[in-house]
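Here is the structure we will look at, set down as structure tokens.
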Amino acid sequence: MTTTTALDAGNAIGTVDFIKKYGLWTPEQEAAAERMSAQVKEKCLRTVRVAMADPHGKLRGKTILAGLVDSILRNGIDFSTAIWHFDTADTIVYNAFEKNGLVGDEELTGFPDVILVPDPLTFTELPWAQGTGWCLGNAYYNDGRPVPYDARYQLKKQLDILESTYGLRFLAGLEVEFYLTRVVGQSLTLENLGGPGVPPEPPTVAPIAAGYAYQSEDHQDQIEEVLAVLADNIQAVGLPLRTMEDEWGPGQCEFTFSPMVGLQAADAMLLFKTAVKQVGRRLGLHASFMCSPGLPGFFASGWHLHQSLIDANGVNVFTTEPGSTETLSPTARAFLAGLLEHACAASVFTTPTINGYRRRKPYSLAPDRSTWGIDNRAAMLRVQGGPGDPATHVENRVGEPAANPYLYLASQVISGLDGLDRGLELGSPELEPYAATHRPLLPATLMDATDLLSDNAMFRGAFGDRFVDWILGLKKSEIDRFLAAGDWDPDAVSEWEHREYFTQY
């Protein structure tokens, strides 16, 4: 890499030698940075996008001209703190021009810059955007401290605790449902353009295929050309795509991925969603990860998170010995008990939108209470595998595809850690989860979920009071705008929800 110049530093390319000064990279990242620099030059890339997730799991970032890539690999790049003040519709929730405007954090008064440091291990080329590289980054204050509102940092912190305390790593498999529709009209005018707190009017769309024929090969063949393009691009950026399935609704798809370790899984979810949306748009399609679009006959989509723990040798510690009478090891049982105990408060992280709670109905293939079962799709935690099976794991069926992947995964690690620390007892599996009246009902609304999170000492201890209060403030803004619209119908998705989420996610 080239040497940083004063001119580079004067062009808002971070702080001179910031990464080295504060020891922000591992040797593996340093080696990856050399490869990234060489690849940008060898492939004659024009730009590199450096991105990070905002609180709601949407990507924000900057596009760097190729000539400055070596500079940001030494210094990072200046990045506005505005993204931590926005709710789902870019309403400015916190007054950055008041001292302590962001839940008592005076360091963010006045929308100051922080330093966005790329993680070269995430670097890839975007095959659909010619000449464009892409990578994720983390945010740091000017003195080298991680910005606590950076969700990627929060997940990494919990993964480090899991590994340092128990010598274990979190393994996650993604199973994601979403909708593809064909754009038939997008009329942006001064009247429907929206603004802060009011998203623009969503596009007018039409189904790309008939629905209501679950996993129909004929239906899947009707959209094969679209799926083939998506698959080619998803694999080209290095994501371990396993299956593509026609789901229940018209144009509703389910993609699954091979298990990935910790941070890699959350990073993959972000890249997958942006790939589907951007490639789809180039095909004249609108991809939405909104849970329940406000369109007739469009059923809810979920994000099922498969998870287990592995030791330093990659051995699955959820597995019991062949011939055992127990499906799960003691470690697995304690971890799952933690997931169950904190499932209600974790809902703000697993199901962060008002719309996502429309899935939580009995006999709907989505959980309505905190339960576990053996290969039972009515349970919140569906255990798959058995004695001697190295693939034994649990599928948490509670999440929505709009969730911030770092906070979704972090909520699982934090809850499971509490189960391990306290040696919680799992109890017996449920044969009829919807009838398990002795098990806690999951919150039925985001309003209920925020109340439960506010009172949860365990999440406050893990994330910190300021982080939890900040998230709750963002959610309150979203809730207040929804309640002000006054069009709630328990049986129909409101116009407010469709406008708020269909394009944003």
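The values are calculated or read from the model by the stated rules, or taken from the named source; none is laboratory data. Remember, it's a predicted structure, so these values are computed and weren't measured experimentally. Note: ideal-geometry Cβ built from the backbone for every residue, glycine included; neighbour counts use all protein chains shown.
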Of Arg397, Arg460, the only residue that is free of Cβ contacts under 8 Å to residues at least 12 places away in the same chain and crowded, with 16+ Cβ neighbours inside 10 Å is Arg460
With the first residue restricted to region 127-153 and required to be in contact (Cβ under 8 Å) with a residue 60 or more places away in the chain, and the second required to be hydroxyl-bearing (Ser, Thr, Tyr), Cβ contacts under 6 Å at 6 or more apart or on different chains are Thr132/Thr47; Trp134/Thr124; Cys135/Thr122; Leu136/Thr122; Asn138/Tyr153; Gly144/Tyr22; Ala151/Tyr406; Arg152/Tyr406
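Would you call Arg169 in contact with a helix residue (DSSP H, G or I) (Cβ under 9 Å, 6 or more places away or on another chain) and not assigned by TED's automatic domain parsing to the domain that holds Trp25?
Details: in contact with a helix residue (DSSP H, G or I) (Cβ under 9 Å, 6 or more places away or on another chain): yes; not assigned by TED's automatic domain parsing to the domain that holds Trp25: yes.
Yes; evaluated as a whole, the condition is true for this residue.
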Within region 299-311, restricting to residues that are surrounded by fewer than 22 Cβ atoms within 10 Å (Cβ to Cβ) and at pLDDT 95 or above, the one that is farthest from Lys361 (Cα to Cα) is Asp311
Picked from region 169-212 (must be buried (at least 18 other Cβ atoms within 10 Å of the Cβ) and of a type in the set (Ser, Thr, Tyr)), the residue farthest from Arg282 (Cα to Cα) is Tyr179
Exactly one of Leu446, Leu420 is at pLDDT 95 or above, surrounded by 18 or more Cβ atoms within 10 Å (Cβ to Cβ), in contact with a Gly (Cβ under 8 Å, 6 or more places away or on another chain) and more than 19 Å from Leu336 (Cα to Cα), and that residue is Leu446
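Just checking, how many residues over region 426-451 are closer than 24 Å to Arg333 by Cα and either touching a residue at least 24 places away in the same chain (Cβ under 8 Å) or of a type in the set (D, E, K, R) (or both)?
As a first pass, look at region 426-451 and keep what is closer than 24 Å to Arg333 by Cα: 426-443.
With either touching a residue at least 24 places away in the same chain (Cβ under 8 Å) or of a type in the set (D, E, K, R) (or both) added as a condition, the list becomes 426-427, 429-434, 436, 439-443.
Residues meeting the conditions: 14.
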Within region 350-365, of all residues that are of a type in the set (D, E, K, R) and in a loop (DSSP other than H, G, I, E, B), the one farthest from Phe178 (Cα to Cα) is Lys361
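Can you find even one residue in region 5-23 that is in a strand (DSSP E or B) and at pLDDT below 95? Full working, then the answer.
At the first step, the residues of region 5-23 found to be in a strand (DSSP E or B) are none.
Among the residues of region 5-23, not one is in a strand (DSSP E or B) and at pLDDT below 95, which makes the answer no.
Going through Leu155, Leu136 one at a time, which residue ends up being within 21 Å of Asn75 (Cα to Cα) and outside the structural domain of Gly338 (by TED's automatic domain parsing)?
Values: Leu155 fails: within 21 Å of Asn75 (Cα to Cα).
Of the residues listed, the single one that is within 21 Å of Asn75 (Cα to Cα) and outside the structural domain of Gly338 (by TED's automatic domain parsing) is Leu136.
Would you pick out the residues in region 35-75 that are of a type in the set (Val, Ile, Thr) and either assigned to a helix (DSSP H, G or I) or farther than 27 Å from Phe467 by Cβ (or both)? Walk me through it before giving the result.
So the first thing to find is which residues in region 35-75 are of a type in the set (Val, Ile, Thr), and the list is 40, 47-48, 50, 63-64, 69, 72.
Once the filter is applied, which keeps residues that are of a type in the set (Val, Ile, Thr) and either assigned to a helix (DSSP H, G or I) or farther than 27 Å from Phe467 by Cβ (or both), region 35-75 yields Val40, Thr47, Val48, Thr63, Ile64, Val69, Ile72.
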Quick check, is Leu328 over 28 Å from Leu472 (Cα atoms) and either touching a helix residue (DSSP H, G or I) at 6+ places or on another chain (Cβ under 7 Å) or part of a loop (DSSP other than H, G, I, E, B) (or both)? yes
